[in-house]
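What follows is a set of notes on a single structure, which appears directly below.
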Amino acid sequence: MLKQEIEDGQASLADPAFRADVLNGLALRPRAIPARWFYDRRGSELFEDITALPEYYPTRTETAILRRIGSDLAEAVGPARAVIEFGSGSSVKTPLLLGAIDPAAYVPVDISGDFLRESAARIAAQFPGVAVVPVEGDFTRPLRLPRGVAAIPKLGFFPGSTIGNLLAAPAVDLLRSMRESLGEGALLLIGIDRVKSLDVLVPAYDDAAGVTAAFNLNLLARINRELAGTIPIDAFVHRARWNDDGARIEMHLEATRDVEFTVDGRPFSIPAGETIHTENSHKYGPRDARLLLRGGGWTPLHEWTDPDDHFALILAEAQAERRAP
Ligand code: AVJ
C-alpha cells in the first residue's frame, strides 16, 4: 500500500463520527447520511469540478458579485479586521475579499487539514501584509480563535451557500455559534442561494457530464473503503429533486435493484426504488434569508445580488444581546 493510502485509510477508519453517521443513517427510515461526509480528498476534488460546470451557477455568480462589490464592501467593513473564513476549503474566493478590504489577519477554519495548510500558504504568499493563522477544526462547534486576533474586530466569511446544507433549526444554531465565536461588534459576510426557476435549479444538481452524480456516488466508495463496506455501487443512481415544501434541492442515491450489503460487518438491505438521502441544499427568498440571519443573532446591513437575483451576498452585524422588543 502507498503511504498516502495507509494514512488516509487508517485515519478515517478511526473516525467514529463517520462510522456512527453511516450505520445510524442506513438504519433510519428514510435512510439519510449527512452531506458533510462527501468531502474526502476525492469528494473535495469532485466538488471543485462541480464549481466549474456550466450548469452550476452558484460559485460563478457569487464570485462575480464579490468581484463587482469590492469598493462597497471596503466602505461597509472598514480596514484592519480579522477575517475568519468558515469551511475555507480551497479558498478561491478569499483573495477577492482580502484584496478589497485591507484586513489585519486571515483565519481559515476547515476540518480538512491538507487543504487548509495548502491554501493558507498560498494566501500568505499573496498577502504578505496579512497575518495568516489557519485553524483546523469543525466550524459547526463554537471556536477558540487564535489569541493573536482576540482584540481585533472580526469579519466572519461564510460563502458558497454552505448554510443551505442545514435544516432551519441547525442553521440558526450555527449562526448563533458564529455570533458567539466572533464576539461583540463582529460582522458576517454570508453567501445565500436564492429560490429560482426549477429549469435553473435542477440541472445545477444534475449536470449533463455526470460530475454531480460521481460526487454523490463517491460517498458509497468512501463507505466501502473506510468502513469495510460491500455496497454494490453500480446498483445505485444519482437523483436530484426539488422539495417545494422544504424549499430545497435534495440529492439521493436510489437503488435500481434489491441490494444487500454489509458495512463494518452489519447487514443492510435496500429494496429497488428506495433511496439514501445524501444532501439538502436549501434556497432562500430575500425575506427568508434575512429572517434566518435575524433568528441566528445577526442584523442584515447590506445585500448584493447578481442581475438575475440568483444568489445573494449579505453583510450582517452581530446583534447586541437584548431581551425586550
Ligand atoms: C457546498 C453545500 C453549497 O449545495 O450547492 C453542489 C454542495 N452538492 N452540488 C450546494 C453541492 C451538489 C453545495 N454546497
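Quick look at the numbers
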| read-out | value |
| --- | --- |
| Å² per residue, accessible surface of the range 160-216 at 1.4 Å | 36 |
| Computed E for ARG266/VAL237 - FRET, C-beta separation, R0 35 angstrom, nearest 0.05 | 0.90 |
| Simple label model, 7 Å out from Cα along Cβ direction - ARG41 to THR256, nm | 2.9 |
| Angle in degrees between helix 3-13 and the longest Cα principal axis of the chain, rounded to the nearest 10 | 90 |
| Accessible area (Å², per residue) of the range 221-294, counting only protein heavy atoms and a probe of 1.4 Å | 47 |
| Ordering of 130-143, 52-65, 99-112 by burial proxy (mean other Cβ atoms within 10 Å per residue, highest first) | 99-112, 52-65, 130-143 |
| Scaled radius of gyration (Cα, divided by 2.2 N^0.38 Å) that the chain gives | 1.02 |
| Rel. contact order, % - alpha carbon contacts under 8 angstrom, at least six apart, the chain | 20 |
| Full-extension gain in nm, ASP21 to ASP308, via 0.36 nm per residue minus C-alpha separation | 99.5 nm |
| The range 41-185: relative contact order in percent, alpha carbon pairs under 8 Å with at least 6 residues between | 23 |
| Portion, in percent, of the accessible area of the range 98-159 that falls on carbon or sulfur, probe 1.4 Å | 54 |
| Projected label distance in nm at GLU48 and ALA76, using a 7 Å step from Cα toward the beta-carbon | 3.0 |
| Per residue Cα convex hull volume in Å³ - calculated over the range 40-128 | 93 |
| Distance between the range 26-46 and the range 271-325 - C-alpha centres, whole angstrom | 22 |
| Geometric extent, Cα atoms of the range 232-285 - Rg, Dmax (angstrom) | 13.5, 45 |
| Residue list for the range 23-61, given a label point 7 angstrom along the Cα-to-Cβ vector of LEU167 and an amide N cut-off under 18 Å | 23-37 |
| Surface share of carbon and sulfur [accessible, 1.4 angstrom probe, percent] for the range 188-325 | 48 |
| Rounded accessible area per residue of the range 67-109, 1.4 Å, Å² | 34 |
| FRET efficiency, VAL92 to ALA228 (Cβ-Cβ, R0 41 Å, nearest 0.05) | 0.75 |
| Theoretical FRET efficiency, 1/(1+(r/R0)^6), r = Cβ-Cβ of ARG67 and ALA151, R0 51 Å, to 0.05 | 0.95 |
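The values are calculated or read from the model by the stated rules, or taken from the named source; none is laboratory data. Here the structure is a predicted model, which means the values were calculated and not measured. We place every Cβ from the backbone using ideal geometry, glycine too, and count neighbours over all the protein chains shown. These area figures cover heavy atoms from the full protein model, side chains too; ligands, DNA and RNA do not enter into them. Shrake-Rupley method; radii C 1.70, N 1.55, O 1.52, S 1.80 Å.
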